[in-house]
Amino acid sequence: MEKIIDESKQGENLILDAKEKNTRKLFIESYGCAMNFSDSEIVASILSNEGFNTTQNLEDADLVLVNTCSIRDKAEQTVRKRLEKYNAVKRINPKMKVGVLGCMAERLKTKFLEEEKIVDLVVGPDAYKDLPNLLAEVDEGRDAINVILSKEETYGDIAPVRLNTNGVTAFVSITRGCDNMCTFCVVPFTRGRERSRDPHSIIEEVNDLWNRGYKEITLLGQNVDSYLWYGGGLKKDFVKATEMQKATAVNFSQLLEICAKAQPKMRIRFSTSNPQDLTLDVIETMAKYNNICKHIHLPVQSGSNRILKEMNRLHTREAYFELIDNIRRILPNSAISQDLIAGFPTETEQDHLDTLSLMEYVKYNFGYMFTYSERPGTMAERKMEDDIPEDVKKRRLAEIVQLQREHSEIKTKAYLNTTVEVLIERESKKSNDQWSGRTSQNIVAVFPKKQYKVGDLVNVNITNCTSATLIGDAIGYSENN
Ligand code: SAH
Ligand code: F3S
């Protein structure tokens, strides 16, 4: 209030004006996991109340925000390069402010302000609601920072502004943080302890998306299967919950069922599943509801029991096979995908062969494969030497990628001469008279547009394929359309 009355504060009045007139422009971009993209939609929502409209044009921006990833060194280097680009633009537009969000902000904290002179604002993943205050500081010419991690924050009360949307698919975040402490992983340090979002707010968001024409949602979390709502608070404090809270708690399979029932025509996906937390009731719920997509992303990281132990992954190779067998039995038409790391410290040639043989057993539909990247502050960095030479890491990764390519090809070929159900998402990148969409199993399919439109659920005859993509012809609307 004081701000409005005090005429001497010219700059502030201008900002207030901009807030009322919606004239400030925000350029926001995201790197890394789906959660970051989802978080940027929360940030855009918070800032829209501050008079910011988003722009796709960096040169037009009053405020540039980059939502960053720390998962591997390369991800951080990519962000550093982007900061150089912003710097070049800032030379032309010195009033432009630059903020760093996400995991790098949390990991580097004030170091960011020291190392990168261009940065005015540093905000960790749990502090986005503080952005209006932090921006007020920046507007007054001071650097601003908030990297406090929270026990409660889930942003459940904020309606995301959908960015770069196709109007058909959307992310809905359900948990934040991770308690698993895999020894290679920086996420528990940058995103804090695990907490779950109120199921009512999740359902509200799902219903709202359906009413606005969305046809598919992906429930997001570092570790979705460990979702547990008991009235708020950290997952690890569940042991201290009251009997009443325990009796009425909602776990992941229940949440999945509630979502599937709330919108029986909405396609539902989820990611990521840690093998140690994926329970039979989740697989059974998937089988029970047609609208829950038949794809499980099940990162394994390594096929060697010794390395899994060093990684603090709390399952064995044998337990993983048992899980795979159960998935195949209960969901015979499902797809399974992986994350794998090549060259974790002390990994021997035999450990690597164990990874390849695990892949042979599972025959994943697709996967995301990386060489090990040592992350500061993690258990592996503190206790182990990054002792696998870069060329060995790269060679092992190449062997893993090659084997995955062969398996993907076998898997996609199995769809030849079958009919699959595809949700049309966008124009194919390769041809403007073809649509691109995904099957329930999360396999991309492309086909001629004909009379169909984005958001239609169609049956497609598969006539051809590459290792990753199905190629075919739409023969009509699906009965589920
Ligand atoms: N929550 C997920 C993983 C999130 S991180 C899970 O349950 O496993 C996404 C992937 O990045 C991981 O699965 C892992 O394969 C990879 N990754 C994480 N830290 C890494 C590191 N230090 N070096 C290389 N790859 C890493
Ligand atoms: Fe990272 Fe392991 Fe959690 S990979 S995000 S610590 S499940």
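The values are calculated or read from the model by the stated rules, or taken from the named source; none is laboratory data. All figures in this text were calculated on a predicted structure; none of them were measured in a lab. Neighbour counts are summed over all protein chains in view; Cβ atoms, including those assigned to glycine, are modelled from backbone coordinates with ideal geometry. Calculation scope for accessible area: heavy atoms of the full protein, side chains included, ligands and nucleic acids excluded. Shrake-Rupley method; radii C 1.70, N 1.55, O 1.52, S 1.80 Å.
How much accessible area per residue does the chain have, in Å², with a 1.4 Å probe? Don't skip to the end; give the middle numbers.
Details: 21480 Å² over 481 residues.
On a per-residue basis, 45 Å².
Amide H contacts of Asn67 (H built 1.01 Å from N, in plane; Pro and chain starts excluded): Glu29, Ser30, Tyr31, Leu101 sit under 5 Å, all sequence-distant by 5 or more or on other chains.
Full extension from Glu152 to Asp387: what is 0.36 nm times the residue separation minus their Cα-Cα distance, to one decimal in nm? Working shown, then result.
Working: separation 235, 0.36 × 235 = 84.60 nm, distance 3.90 nm.
Extra length from Glu152 to Asp387 when fully extended: 80.7 nm.
Computed from phi, the 3J(HN,Hα) profile of segment 216-221 under the Karplus parametrisation 6.51, -1.76, 1.60 (θ = phi - 60°) reads 8, 10, 10, 6, 10, x Hz, with x in place of Gly and Pro. Among the listed pairs Lys81/Lys109; Lys25/Lys430; Lys85/Lys111; Lys74/Lys394; Lys151/Lys246, those with a Cα-Cα distance over 24 Å are Lys25/Lys430. Remark: segment 155-213 carries a charge dipole of roughly 200 debye about the Cα centre, counting +1 on each Lys and Arg Cβ and -1 on each Asp and Glu Cβ.
Rounded to the nearest 500, the helix-only mean residue ellipticity at 222 nm of the chain stands at -11000 deg cm²/dmol, with each DSSP H run of n ≥ 4 adding -39,500 (n - 2.57).
Peptide packing for 431-442, 203-214 was compared via the average number of neighbouring C-beta atoms within 10 Å per residue; ordered from the highest value, the list is 431-442, 203-214.
Quick check: residue separation of Asp433 and Ala319 times 0.36 nm, minus the Cα distance between them. What number comes out in nm?
Details: separation 114, 0.36 × 114 = 41.04 nm, distance 4.62 nm.
In short, 36.4 nm is gained.
Do any of Lys288/Lys449; Lys129/Lys240; Lys309/Lys383 go past 23 Å between their Cα atoms, and which?
On the way: Lys288/Lys449 32 Å; Lys129/Lys240 28 Å; Lys309/Lys383 14 Å.
Going by Cα-Cα distance, Lys288/Lys449; Lys129/Lys240 fall outside the 23 Å limit.
May I ask you to list the aspartates and glutamates whose Cα is less than 17 Å away from that of Lys236, ignoring any residue fewer than eight positions away on the same chain? Leaving aside aspartates and glutamates fewer than 8 places away in the same chain, those within reach of Lys236 are Glu152, Glu153, Asp179, Glu194, Asp198, Asp225, Asp277. Protection proxy ranking for 98-106, 175-183, using the average of other Cβ atoms within 10 Å per residue and placing the highest first: 98-106, 175-183.
Each peptide among 325-334, 251-260 gets the average number of other Cβ atoms lying within 10 Å of its residues, and from highest to lowest they stand as 251-260, 325-334.
I'd like the carbon and sulfur percentage of the solvent accessible area for the chain, probe radius 1.4 Å, heavy atoms only, ligands and nucleic acids excluded.
Summing carbon and sulfur atoms, their accessible area is 51 percent of the total for the chain.
Quick one: check the C-alpha center-to-center distance for segment 85-145 versus segment 181-218, whole angstrom. Segment 85-145 and segment 181-218 have Cα centres spaced 25 Å from each other.
Equivalent ellipsoid of segment 8-146: semi-axes from √(5λ) of the C-alpha gyration tensor, largest first, are 23, 16, 14 Å.
May I ask for the Kirkwood hydrodynamic radius of the chain, worked out over all distinct Cα pairs and given in angstroms to one decimal?
On the way: mean 1/r = 0.0415 Å⁻¹.
One over the average 1/r among Cα pairs gives 24.1 Å for the chain.
Close amide H contacts of Trp435 (hydrogens built in the peptide plane, cut-off under 5 Å, sequence separation of 5 or more or a different chain): Ser428, Phe447, Lys449. Considering only His200, Pro345, Ile443, the residue lying farthest towards the positive end of the dipole of the chain is Ile443, judged by Cα position with unit charges set on Cβ.
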